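A short write-up of the structure that comes next.
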Amino acid sequence: MEYIISQKSSSLNGNIKVPGDKSISHRALIIASMCIGTSKIDGLLESEDVFSTMSALKSLGVKIKSNDNSYFVEGVGICGFKSPNNFIDLGNSGTGIRLLLGATMGSNIIVNFKGDDSLSKRPMERVLSPLRRMGANIISSNEGKLPISIEGPKEVLPINYTSRISSAQIKSSVLLSGLSSSGKTIFTEPNESRNHTEKMLSKFGAKISSKILENGSNVIELEGRPLLVSKDISVPSDPSSASFPIVAAIITPNSKIEIHNVMINQARNGLFETLQEMGAKLKISNEKKVNNEVIATINAEYSKLKGTSVPSERAPRMIDEYPILSMAAACAEGRTIMNGISELRVKESDRIKIVSNGLNKVGIKTIEKPDSLEIFSGEIIGGCSIDSELDHRIAMSFLILGLVSNKPIKVLRSSTIKTSFPNFFEIMLNLGSKLVKG
Ligand code: S3P
């Protein structure tokens with residue numbers, strides 16, 4: 001079984017750029033496919049997850065070409081996808097599958113979706129339920145999980161849907177389906193989740209608005225059947241990927257790094273806020289706007305951290321960052337508690353369980369509850385193997401912890417990192433971390 005071993009490193013230093021944002025890359029490909037004309041995408045994340053979405057779109061009849069790191073997508077219109085000949089395999093990608101279930105609704109075709117072992121265990125009912133109300137005919141022999149067959153209706157019905165969960169994937173699936181309905185789609189979520197779909201749809205010409213109510217809930221309204229016209233997109237660097245070298249620099253003595261062009265979106269910056277509360281020397285500067293999103297330079301250096309309490313309301317703004325925050329928490333003085341994180345149980349792995357068990361293995365005490373995780377500082381002993389469970393963020397998080405543990409940490413099935421951060425190994429190596437591939 002392939003693996004990476006991570007060993008105690010003296011310091012991390014350098015200037016880096018991390019690859020394009022995964023969420024924006026999926027949306028750029030899907031929304032460009034649903035408009036009129038050819039869109040050019042620069043800075044697309046060239047990772048397995050994004051390639052799964054790209055090949056799914058090609059199977060649905062979209063022409064996508066690449067030249068010199070630019071991708072050219074010939075849109076087929078909101079209702080123009082063609083019936084694919086075979087199953088569409090989304091691999092490990094939750095964003096790919098959930099967004100495409102919605103996006104294909106208006107084309108009145110039958111699509112059969114499948115995925116890898118991790119994706120086939122993840123709940124899809126959360127998107128199937130609103131899509132059924134919009135007129136989809138869905139067959140799933142696996143209790144609402146993949147494989148799934150979906151047939152869009154002749155007329156997609158507009159809905160007013162209130163989601164129990166703050167999830168950008170559910171919201172985006174409903175909005176992409178709502179594009180082909182003749183009326184107004186209204187979607188409400190308890191707290192604002194990442195808003196890239198809303199921003200990108202607006203850039204492509206959709207009439208879409210959102211407002212945060214006094215109780216914190218977020219309401220989005222979208223007019224159906226807009227004229228979406230092709231645009232050029234430049235994908236900014238992924239803050240979720242940046243969080244790995246950032247935390248690595250913060251916990252490794254004598255480190256100092258700079259990362260350029262990182263997307264700073266207030267619906268994604270919960271980790272940076274939390275690290276600053278913990279005492280991290282983390283500076284965000286040079287902010288500028290690129291295609292409706294803000295990018296900035298981030299400087300991070302070794303810091304003495306103290307434990308903190310992360311409130312539930314912050315979870316949607318840092319939903320992918322709890323595994324790496326947990327590694328920082330293990331190095332912080334005192335106790336850290338993360339509340340309201342039950343959604344982590346249905347990510348690429350059960351991240352509460354896997355992080356908790358992994359930390360126990362390296363010598364750190366934790367208390368795991370259904371929707372919280374408490375981490376106590378202690379000596380990071382290491383000298384053990386952690387299985388990635390096909391979860392890229394678990395693999396990268398424990399490799400970062402290995403940089404400060406007494407004995408090495410071996411991460412098994414580490415190649416899952418390719419789903420989101422294909423050059424993680426090289427970037428971390430260049431910064432000075434001691435990683436060895438096996
Ligand atoms: C994503 C949304 C998040 C996140 C995932 C990417 C997206 O999930 O965990 O990695 O691109 O929409 P939810 O907001 O659906 O929980």
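The values are calculated or read from the model by the stated rules, or taken from the named source; none is laboratory data. As the structure is a computational prediction, the values presented were derived from the model and not from experiment. Here the Cβ is made from the backbone with ideal geometry for all residues, glycine too, and neighbour counts use every protein chain on show. Note: accessible area is taken over every heavy atom of the protein model, side chains too, but ligands, DNA and RNA are not part of it. Shrake-Rupley method; radii C 1.70, N 1.55, O 1.52, S 1.80 Å.
If Ile380 satisfies all but one of (1) away from the ligand (no atom under 16 Å from the Cβ); (2) part of a helix (DSSP H, G or I), what's the number of the condition it fails? Only one criterion in (1) away from the ligand (no atom under 16 Å from the Cβ); (2) part of a helix (DSSP H, G or I) is unmet by Ile380, namely (2).
Among the residues of the stretch 209-235, those identified as within 16 Å of the ligand (Cβ to nearest atom) and either charged (D, E, K, R) or free of Cβ contacts under 8 Å to residues at least 40 places away in the same chain (or both) are Ser210, Ser217.
Look at the stretch 309-326: where a residue is within 16 Å of Ile375 (Cβ to Cβ) and a partner is β-branched (Val, Ile, Thr) and open to solvent by 20 Å² or more (accessible area, probe 1.4 Å), sitting 6+ places away or on another chain with Cβ atoms under 6 Å, you get Ser309/Ile337. Among the residues of the stretch 258-267, is there at least one that is open to solvent by less than 10 Å² (accessible area, probe 1.4 Å), away from the ligand (no atom under 16 Å from the Cβ) and under 21 Å from Arg314 (Cβ atoms)? Yes.
State all residues of the stretch 56-81 that are polar (S, T, N, Q), touching a residue at least 24 places away in the same chain (Cβ under 8 Å), closer than 24 Å to Pro19 by Cβ and open to solvent by 20 Å² or more (accessible area, probe 1.4 Å); if no residue qualifies, say none.
Asn69
Scanning the stretch 17-34 for residues that are more than 15 Å from the ligand (Cβ to nearest atom), assigned to a loop (DSSP other than H, G, I, E, B) and crowded, with 24+ Cβ neighbours inside 10 Å returns Val18, Met34.
Report, by residue number, each residue of the stretch 195-217 that is part of a loop (DSSP other than H, G, I, E, B) and either buried (at least 17 other Cβ atoms within 10 Å of the Cβ) or among the hydroxyl-bearing types (Ser, Thr, Tyr) (or both).
Scanning the stretch 195-217 gives Asn195, Phe204, Ala206, Ser217.
The numbered conditions (1) outside any helix (DSSP H, G or I); (2) more than 15 Å from the ligand (Cβ to nearest atom); (3) small (Gly, Ala, Ser); (4) touching a helix residue (DSSP H, G or I) at 6+ places or on another chain (Cβ under 9 Å) are all true for Ser285 except (4). When Ile88 is tested against (1) without any contact (Cβ under 8 Å) to a residue 40 or more places away in the chain; (2) touching a His at 6+ places or on another chain (Cβ under 6 Å); (3) among the β-branched types (Val, Ile, Thr), only condition (2) is not met.
When each of Ile148, Ile159, Ile220, Ile165 is tested for being under 19 Å from Arg132 (Cβ atoms) and open to solvent by less than 10 Å² (accessible area, probe 1.4 Å), the lone residue that passes is Ile148.
Output yes when any residue across the stretch 236-254 is hydrophobic (A, V, I, L, M, F, W, C), within 15 Å of the ligand (Cβ to nearest atom) and either open to solvent by 10 Å² or more (accessible area, probe 1.4 Å) or part of a helix (DSSP H, G or I) (or both), and no when none is. The answer is yes, given that some residue of the stretch 236-254 is hydrophobic (A, V, I, L, M, F, W, C), within 15 Å of the ligand (Cβ to nearest atom) and either open to solvent by 10 Å² or more (accessible area, probe 1.4 Å) or part of a helix (DSSP H, G or I) (or both). Of Gly43, Gly14, which residue is within 30 Å of Pro245 (Cα to Cα), under 24 Å from the mean Cα position of the chain (by Cα) and open to solvent by 10 Å² or more (accessible area, probe 1.4 Å)? From the options Gly43, Gly14, the qualifying one is Gly43.
For the stretch 46-76, the set of residues classified as aromatic (Phe, Trp, Tyr) and under 27 Å from Ala242 (Cβ atoms) consists of Phe51, Tyr71, listed by residue number. Is it true that some residue in the stretch 323-343 is open to solvent by less than 40 Å² (accessible area, probe 1.4 Å), within 14 Å of the ligand (Cβ to nearest atom), closer than 15 Å to Ser388 by Cα and in a helix (DSSP H, G or I)? Yes, the stretch 323-343 has at least one match. Of the residues in the stretch 100-112, at least one is more than 22 Å from Thr185 (Cβ to Cβ) and either buried (at least 23 other Cβ atoms within 10 Å of the Cβ) or among the polar types (S, T, N, Q) (or both). If I filter the stretch 290-319 down to residues being of a type in the set (Gly, Ala, Ser) and open to solvent by 20 Å² or more (accessible area, probe 1.4 Å), which single residue comes out as nearest to the ligand (Cβ to nearest atom)? Looking at the filtered set, the residue picked out is Ser312.
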